[in-house]
Amino acid sequence: MIQTDAAINPGNSGGPLLDSAGRLIGVNTAIFSPTGTSAGIGFAVPADILNRIVPQLIQNGKVSRPGLGVFIFDDATVRRRLQRTGVLIRDVAPNSAASEVGLRGTKYDEEGELILGDLIIAVDETPIETQADLFAALDKKEIGDSVTLHFLRDGEEMQKKVELRLIE
């Protein structure tokens, strides 16, 4: 999202956000207003994202996104629990690309001891520190593309090639 201080009044959602030269840089989407008025912080979807998703919307009526088939913990939980960055896998969807290559989610053993899942630290050569980094890296890919995931398992760095699939 682009954060802007441009006024976004009722009815402006879906309108253009222009730079000082009149070039389209985004489409107004929402406003955060602590007072409930049209004053506050506005948000717009960047034009480069629109260029990627609008053709899909026109052709298919929906956006198809590539994914791994993993459920992840929020960034604060990872930083607090592990005192490091990366994306910790909470669970792996059955019959997903992630399950086929053997990625592991977080679970408890028979004694109730927590066993942490794989911690994704890079996609191809792009470092992954947060959920946003992971989503941005995958957003640049197409369904069917292969990526090399770099992750930590039990403190050891590993990598696996994963073919991205449709996420619905």
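The values are calculated or read from the model by the stated rules, or taken from the named source; none is laboratory data. Quantities reported herein were computed from a predicted structural model and do not represent experimental measurements. FYI the Cβ positions are ideal-geometry reconstructions off the backbone, even for glycines, and counts take in every protein chain you see.
Looking only at segment 131-150, count how many residues are in a strand (DSSP E or B) and either touching a residue at least 60 places away in the same chain (Cβ under 8 Å) or touching a Ser or Thr at 6+ places or on another chain (Cβ under 8 Å) (or both).
In the first step, residues of segment 131-150 are kept if they are in a strand (DSSP E or B); the result is 146-150.
Next cut, either touching a residue at least 60 places away in the same chain (Cβ under 8 Å) or touching a Ser or Thr at 6+ places or on another chain (Cβ under 8 Å) (or both) only: 149.
Residues meeting the conditions: 1.
What pairs can you find where one residue is in segment 74-87 and over 10 Å from LEU119 (Cα atoms), the other is of a type in the set (S, T, N, Q) and part of a helix (DSSP H, G or I), and their Cβ atoms are less than 8 Å apart, with a gap of 6+ or different chains?
Within 8 Å, the pairs are ASP74/GLN131; ASP75/GLN131.
Quick test for you: out of ILE128, ILE143, ILE58, pick the one residue that is modelled with pLDDT of 95 or more, under 28 Å from MET1 (Cα atoms) and of a type in the set (Val, Ile, Thr). Before the answer, list the steps.
Details: ILE143 fails: modelled with pLDDT of 95 or more; ILE58 fails: modelled with pLDDT of 95 or more.
Step by step, each of ILE128, ILE143, ILE58 is checked, and only ILE128 is modelled with pLDDT of 95 or more, under 28 Å from MET1 (Cα atoms) and of a type in the set (Val, Ile, Thr).
Across segment 16-37, what is the number of residues that are modelled with pLDDT of 85 or more, within 28 Å of ASP133 (Cα to Cα) and not in a strand (DSSP E or B)? Reasoning before the result, please.
The first filter runs over segment 16-37 and keeps only residues modelled with pLDDT of 85 or more, leaving 16-29.
Next cut, within 28 Å of ASP133 (Cα to Cα) only: 16-19, 23-29.
Next cut, not in a strand (DSSP E or B) only: 19, 23.
Number satisfying all stated conditions: 2.
Between a first residue in segment 48-70 that is touching a residue at least 24 places away in the same chain (Cβ under 8 Å) and a second residue that is part of a helix (DSSP H, G or I), which pairs have beta carbons less than 6 Å apart while being 6 or more apart in sequence or on different chains?
PRO66/LEU138; LEU68/ALA97; LEU68/ALA98; GLY69/ALA97; GLY69/ALA98; VAL70/ALA98
In segment 70-93, which residues are under 15 Å from the mean Cα position of the chain (by Cα) and of a type in the set (Asp, Glu)?
ASP74, ASP75
Taking ARG90 and the conditions (1) surrounded by 13 or more Cβ atoms within 10 Å (Cβ to Cβ); (2) within 30 Å of GLY14 (Cβ to Cβ); (3) not polar (S, T, N, Q), which numbered condition does it fall short on, given that it satisfies the others?
Unmet for ARG90, out of (1) surrounded by 13 or more Cβ atoms within 10 Å (Cβ to Cβ); (2) within 30 Å of GLY14 (Cβ to Cβ); (3) not polar (S, T, N, Q): (2).
Among the listed residues ALA93, ALA97, which satisfies the condition of being modelled with pLDDT of 90 or more and in contact with a helix residue (DSSP H, G or I) (Cβ under 8 Å, 6 or more places away or on another chain)?
On the way: ALA97 fails: in contact with a helix residue (DSSP H, G or I) (Cβ under 8 Å, 6 or more places away or on another chain).
Being modelled with pLDDT of 90 or more and in contact with a helix residue (DSSP H, G or I) (Cβ under 8 Å, 6 or more places away or on another chain) holds for just one of ALA93, ALA97, which is ALA93.
Can you tell which of ALA122, ALA136 is hydrophobic (A, V, I, L, M, F, W, C), surrounded by fewer than 16 Cβ atoms within 10 Å (Cβ to Cβ) and under 14 Å from the mean Cα position of the chain (by Cα)?
Working: ALA122 fails: surrounded by fewer than 16 Cβ atoms within 10 Å (Cβ to Cβ).
When all the criteria are applied, what remains is ALA136.
Regarding segment 152-159, can at least one residue be identified that is surrounded by 19 or more Cβ atoms within 10 Å (Cβ to Cβ), outside the structural domain of ARG52 (by TED's automatic domain parsing) and either part of a helix (DSSP H, G or I) or not charged (D, E, K, R) (or both)?
The initial filter retains those residues of segment 152-159 that are surrounded by 19 or more Cβ atoms within 10 Å (Cβ to Cβ), namely none.
Scanning segment 152-159 turns up no residue that is surrounded by 19 or more Cβ atoms within 10 Å (Cβ to Cβ), outside the structural domain of ARG52 (by TED's automatic domain parsing) and either part of a helix (DSSP H, G or I) or not charged (D, E, K, R) (or both).
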